[in-house]
Amino acid sequence: MMYEHLTVIGGRAHPELAREIAQYLGVDLGRVDLWNFPDGEIGLKILENIRGRDVFLVQPTCPSANETLMELLLLIDACKRASAARITAVMPYFGYARQDRKDSGRVPITAKLVANLITTAGADRVLTMDLHAAQIQGFFDLPVDHLYASPFLDQYFIGLEIPSADMVIVSPDEGSIKRTLQHCEHLHGSLAIVDKRRTSATETQQANIIGGPIAGKTALLFDDMITTGGSIVGAVNVVHRHGAKKIYVGASHAVFVGQAIALLKAAPIDEIVVTNSVPLGDKAQSLPNLRVVSIAPLLGEAIKRIHRNESVSYLFE
Ligand code: R5P
């Protein structure tokens, strides 16, 4: 099916996802030439007429965040100057989200600055998924459509047909309780929480479990993102020590930096289920128990609905 006046353009952060979205929508990807000058500065040129078009720029601001963010800003600027009718920044992963408040003196609120930069560059709307904190939506004075990967992750686990009496859904820390409760509701499992305490400015301790029981159960742990892997693997180890029979991990954003792959490989996890909000490349091959659920249909459907002025929240009703 073809949509009139709709253009999807992918930056270099995640061309594969942009291609999948375009395929879902039945459109060709907008053509753009992107390069780095010898000094590292980014250059680009949109290679087709986008005057009067509804443009969706697919660019998660994943590592290297500074590069991907700057490229997104330049893409927005180029589209604005090429007279696009409307520009939507499609950021399935919104980087710099963790710095969303002044939690000590003399630190930046980078998530707000990034929102300002995207707005100033000329975006008209933002389409994103599983923000680290939902209130980041309010950092934009633009419409933000916020999608959730949880129904897709839950669907995977429903397919495993784990009896609900056997299933315990474990929040890896107190901050994730709300998300965990939603999974409990959809999957009909019982709730447990890993008690994660800060022991010093740089160290946390994960030792106890609140709720349960865990022993002999199949445990499912959900987090919004896995970056170094430290938080989730710490929680998995506690659950393992408490006698879980099987352990599954679900996460929206598989950012995987530093020792993440090695940590996950060594951990007692049966399966790790993530989305393709950020590119996984050969990381997916090196973790044999990694399952990747594509969110291209979700993003494609949301883009279709935004373009046609239809409800996006309907997708989650
Ligand atoms: C924490 O608030 C987040 O929900 C994640 O648990 C955390 O950002 C993951 O980071 P890492 O994998 O580096 O522990």
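So the values come out like this:
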{"item": "Those residues of region 99-109 which are of a type in the set (S, T, N, Q) and buried (at least 16 other Cβ atoms within 10 Å of the Cβ), in sequence order", "result": "Gln99"}
{"item": "Search result, residues across region 1-46 that are loosely packed, with under 12 Cβ neighbours inside 10 Å, among the acidic types (Asp, Glu) and either under 19 Å from Ala82 (Cα atoms) or under 19 Å from the mean Cα position of the chain (by Cα) (or both)", "result": "Glu4, Asp33"}
{"item": "Matching residues, region 1-18, being assigned to a loop (DSSP other than H, G, I, E, B), of a type in the set (A, V, I, L, M, F, W, C) and at pLDDT 95 or above", "result": "Ala13"}
{"item": "Test: residue in region 246-255 that is at pLDDT below 95 and either touching an Asp or Glu at 6+ places or on another chain (Cβ under 7 Å) or more than 15 Å from the ligand (Cβ to nearest atom) (or both)", "result": "no"}
{"item": "Tally of residues being modelled with pLDDT of 95 or more and acidic (Asp, Glu) across region 86-113", "result": "1"}
{"item": "Residues of region 117-168 classified as under 14 Å from the mean Cα position of the chain (by Cα), among the small types (Gly, Ala, Ser) and open to solvent by 40 Å² or more (accessible area, probe 1.4 Å), total", "result": "1"}
{"item": "Some residue of region 221-237 being away from the ligand (no atom under 16 Å from the Cβ) and under 18 Å from Gln155 (Cβ atoms)", "result": "no"}
{"item": "Qualifying positions in region 172-193 - of a type outside the set (Gly, Ala, Ser), within 16 Å of the ligand (Cβ to nearest atom) and under 22 Å from Leu160 (Cβ atoms)", "result": "Pro172, Arg179, Thr180, Leu181, Gln182, His183"}
{"item": "Residue ID - most open to solvent (accessible area, probe 1.4 Å), chosen from residues in region 196-242 that are closer than 17 Å to Arg179 by Cβ and more than 19 Å from the chain's Cα centre (by Cα)", "result": "Ile210"}
{"item": "Condition met for Ala262 (of a type in the set (A, V, I, L, M, F, W, C), out of contact with any His (no Cβ under 7 Å at 6 or more places or on another chain) and either closer than 16 Å to Val170 by Cα or away from the ligand (no atom under 16 Å from the Cβ) (or both))", "result": "no"}
{"item": "Residues located in region 247-268, provided they are open to solvent by 40 Å² or more (accessible area, probe 1.4 Å) and in contact (Cβ under 8 Å) with a residue 60 or more places away in the chain", "result": "Val257"}
{"item": "Lone unmet requirement of (1) within 15 Å of the ligand (Cβ to nearest atom); (2) in contact with a His (Cβ under 8 Å, 6 or more places away or on another chain) for Gln206", "result": "(2)"}
{"item": "Residues satisfying the stated conditions in region 292-317, i.e. touching a residue at least 40 places away in the same chain (Cβ under 8 Å), part of a loop (DSSP other than H, G, I, E, B) and of a type in the set (Gly, Ala, Ser)", "result": "Ser294"}
{"item": "Single unsatisfied condition, Gly211 versus (1) closer than 17 Å to Met167 by Cα; (2) at pLDDT 95 or above", "result": "(2)"}
{"item": "Residue match in region 285-301 (condition: open to solvent by 30 Å² or more (accessible area, probe 1.4 Å) and out of contact with any helix residue (DSSP H, G or I) (no Cβ under 9 Å at 6 or more places or on another chain))", "result": "yes"}
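Residues checked against (1) in contact with a Ser or Thr (Cβ under 7 Å, 6 or more places away or on another chain); (2) within 16 Å of the ligand (Cβ to nearest atom):
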position	(1), (2)
Pro92	yes, no
Tyr96	yes, yes
Gln99	yes, yes
Thr119	no, no
Asp124	yes, no
Gly138	no, no
Phe152	yes, no
Ile162	yes, no
Asp166	yes, no
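The values are calculated or read from the model by the stated rules, or taken from the named source; none is laboratory data. A quick note: this is a predicted structure, and the numbers were derived from the prediction, not measured. In this analysis, Cβ positions are derived from the backbone assuming ideal geometry, glycine residues included, and neighbour counts consider all displayed protein chains. Keep in mind that these areas ignore ligands, DNA and RNA; they rest on the heavy atoms of the full protein, side chains included. Shrake-Rupley method; radii C 1.70, N 1.55, O 1.52, S 1.80 Å.
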